[in-house]
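Asker: Okay, handing you the structure first.
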Amino acid sequence: MASRTSPAACANAYIFLGSELGKKQSAVNEIRKKLFSAPGCEETVFYAGETTVNQIVFEIQNQNLFTQSRLFLIKDAHEITKKNEIETLASCMRELEPGTVLVLISEENRLAAGFDDLVPKDNRRIFYELFENEKNEWVQNYFRQNGFKIDADGIDTVLELVENNTEALGRECSRLMLFLRDPQKQGQMQTIHAADVEQWLSHNREESAFTLFSRIAAGDFPRALESLKAILAEKKFQDRTPQITLAGIASCFRKLKNYIALVESGQAGNFELKKIGIYTPKNRDDYAAAARRYNADSADACLAITAEYDLLLRSMGTALEPILMDRYLVKICDLAA
């Protein structure tokens with residue numbers, strides 16, 4: 001691995017990896033803040049696999065006389081795997097003009113060999129998903145900083161209903177505060193309970209892996225397909241990518257296996273269910289419905305198919321994502337009793 005003083009390293013290039021989307025976005029915002037503090041700046045976003053590397057490089061090297069600083073974000077950078085693509089982009093990175101910043105972004109934990117040597121060590125970061133205790137603290141602090149308190153059951157319910165990355169959590173918690181903020185209590189610390197979260201987020205939340213699993217659990221294929229289409233259409237949100245969606249579905253099927261084991265052992269009480277991450281009546285209903293359609297073996301089969309399609313999505317590019325995800329959903333639903 002190249003040292004920070006390597007002459008080949010480009011101080012204007014960054015690599016941001018990992019599944020924790022909120023912290024990754026904050027790191028991008030820090031770069032954006034520095035660049036955009038002066039007038040005459042522009043930002044361009046590319047998705048590797050949708051835009052060719054040659055086109056990306058052309059845009060980067062095409063100077064704009066009216067801009068002083070330029071920020072280029074290449075998302076899904078793990079899609080850049082071909083030798084000629086890597087060499088083309090690497091050559092461009094070595095010749096970045098002053099005032100031009102390039103950030104390679106991916107939910108993966110590594111990119112193709114060769115990119116690390118081009119980027120200073122301090123500019124390469126992996127943003128890992130928060131641990132469970134960190135998620136609890138993050139939610140609690142988020143509400144406190146915005147003038148709200150939330151009790152322990154409320155935090156559990158938020159984490160049950162929302163994708164577990166801070167980008168999605170921040171978006172949904174902000175929406176919840178809009179629903180609950182009382183102008184007559186301005187200056188007072190309002191308290192949020194599990195019932196508040198259940199009432200507002202469960203009925204108003206956007207489509208996610210959790211809502212998709214709820215439709216799968218109910219055996220409602222048309223609505224599951226509708227949910228999947230809505231998720232894939234929201235490309236602007238990083239937590240709606242197919243890989244993140246599959247990771248969410250996998251976590252649901254792992255939780256389903258734990259739920260089935262508890263039911264079979266006669267230990268599916270509230271305390272035991274909370275220990276495996278099932279908190280709200282709605283989610284208990286979802287897992288009860290799923291357990292009527294899947295057993296431990298078919299849940300294992302669903303996990304295997306999820307892993308298979310995760311690899312297919314990573315190897316076949318973004319153009320085939322809708323087809324692959326439709327096929328995935330059909331296979332998962334066909335495994336139900």
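The values are calculated or read from the model by the stated rules, or taken from the named source; none is laboratory data. What you see is a predicted model; the values in this text were computed from it and never measured. In this analysis, Cβ positions are derived from the backbone assuming ideal geometry, glycine residues included, and neighbour counts consider all displayed protein chains.
Asker: Can you tell me how many residues in the stretch 268-286 are closer than 15 Å to residue 217 by Cα and not in a helix (DSSP H, G or I)? Even if it seems obvious, please write down each step before you answer.
Answerer: So in the stretch 268-286, the residues closer than 15 Å to residue 217 by Cα come out as 278, 281-286.
Of the ones still in play, those that are also not in a helix (DSSP H, G or I) are 278.
Qualifying residue count, the stretch 268-286: 1.
Asker: From the set of residues in the stretch 60-108 that are crowded, with 21+ Cβ neighbours inside 10 Å and either acidic (Asp, Glu) or without any contact (Cβ under 8 Å) to a residue 12 or more places away in the chain (or both), which is nearest to residue 315 (Cα to Cα)?
Answerer: Once the filter is applied, the top-ranked residue is 79.
Asker: Of all residues in the stretch 124-168, which are under 24 Å from residue 28 (Cα atoms), at pLDDT below 90 and among the aliphatic types (A, V, I, L, M)?
Answerer: Passing the criteria: 130, 162, 168.
Asker: Sort through 104, 111 and tell me the only one that's assigned to a loop (DSSP other than H, G, I, E, B), in contact with a helix residue (DSSP H, G or I) (Cβ under 6 Å, 6 or more places away or on another chain), modelled with pLDDT of 90 or more and not hydroxyl-bearing (Ser, Thr, Tyr). Break it down into steps so the answer makes sense when it comes.
Answerer: On the way: 104 fails: assigned to a loop (DSSP other than H, G, I, E, B).
None of the others qualify; the one that does is 111.
Asker: Please tell me if residue 278 is buried (at least 18 other Cβ atoms within 10 Å of the Cβ), at pLDDT below 90 and not acidic (Asp, Glu). Give the derivation first.
Answerer: On the way: buried (at least 18 other Cβ atoms within 10 Å of the Cβ): yes; at pLDDT below 90: yes; not acidic (Asp, Glu): yes.
In short, yes.
Asker: Determine whether residue 90 is part of a helix (DSSP H, G or I) and either modelled with pLDDT of 95 or more or among the small types (Gly, Ala, Ser) (or both).
Answerer: Values: part of a helix (DSSP H, G or I): yes; either modelled with pLDDT of 95 or more or among the small types (Gly, Ala, Ser) (or both): yes.
So residue 90 fits the description; yes.
Asker: Something else about it: Report every pair of residues separated by at least 6 positions or lying on different chains whose Cβ atoms are under 7 Å apart, first residue within the stretch 17-34 and modelled with pLDDT of 90 or more, second of a type in the set (Lys, Arg).
Answerer: As it stands, the answer is 17/110; 27/125, since those pairs meet every condition given.
Asker: Within the group 232, 320, which residue is buried (at least 16 other Cβ atoms within 10 Å of the Cβ) and either of a type outside the set (Asp, Glu) or more than 17 Å from the chain's Cα centre (by Cα) (or both)?
Answerer: Working: 320 fails: buried (at least 16 other Cβ atoms within 10 Å of the Cβ).
Of the residues listed, the single one that is buried (at least 16 other Cβ atoms within 10 Å of the Cβ) and either of a type outside the set (Asp, Glu) or more than 17 Å from the chain's Cα centre (by Cα) (or both) is 232.
Asker: A further question on this structure: Are any residues in the stretch 109-119 surrounded by 15 or more Cβ atoms within 10 Å (Cβ to Cβ) and out of contact with any Ser or Thr (no Cβ under 6 Å at 6 or more places or on another chain), and if so, which ones? If you could, list the steps in order and put the result at the bottom.
Answerer: The first filter runs over the stretch 109-119 and keeps only residues surrounded by 15 or more Cβ atoms within 10 Å (Cβ to Cβ), leaving 111-112, 115-116, 118-119.
Correct list: 111, 115, 116, 118, 119.
Asker: Tell me whether the stretch 54-69 contains one or more residues that are of a type outside the set (D, E, K, R), at pLDDT below 90, within 30 Å of residue 138 (Cα to Cα) and not in a loop (DSSP other than H, G, I, E, B).
Answerer: no
Asker: Quick one: residue 289 ticks every box in (1) crowded, with 21+ Cβ neighbours inside 10 Å; (2) outside any loop (DSSP other than H, G, I, E, B); (3) in contact (Cβ under 8 Å) with a residue 60 or more places away in the chain except a single one, so which number is it?
Answerer: Against the list (1) crowded, with 21+ Cβ neighbours inside 10 Å; (2) outside any loop (DSSP other than H, G, I, E, B); (3) in contact (Cβ under 8 Å) with a residue 60 or more places away in the chain, residue 289 comes up short only on (1).
Asker: Moving to a separate point now. Taking the stretch 165-204 on its own, how many of its residues are in a loop (DSSP other than H, G, I, E, B) and either outside the structural domain of residue 139 (by TED's automatic domain parsing) or of a type in the set (Ser, Thr, Tyr) (or both)?
Answerer: First, the residues of the stretch 165-204 that are in a loop (DSSP other than H, G, I, E, B): 165, 181-182, 186-189, 193.
So of that shortlist, the ones also either outside the structural domain of residue 139 (by TED's automatic domain parsing) or of a type in the set (Ser, Thr, Tyr) (or both) come out as none.
Counting residues in the stretch 165-204 that are in a loop (DSSP other than H, G, I, E, B) and either outside the structural domain of residue 139 (by TED's automatic domain parsing) or of a type in the set (Ser, Thr, Tyr) (or both) gives 0.
Asker: List the pairs whose first member sits in the stretch 304-326 and is among the aromatic types (Phe, Trp, Tyr), whose second member is in a helix (DSSP H, G or I), and whose Cβ atoms are under 9 Å apart, counting only residues at least 6 apart or on separate chains?
Answerer: 309/242; 309/246; 309/324; 309/325; 309/327; 309/328; 309/331
Asker: State all residues of the stretch 120-163 that are buried (at least 18 other Cβ atoms within 10 Å of the Cβ), touching a residue at least 60 places away in the same chain (Cβ under 8 Å) and part of a loop (DSSP other than H, G, I, E, B); if no residue qualifies, say none.
Answerer: The answer is 120, 127, 130, 163.
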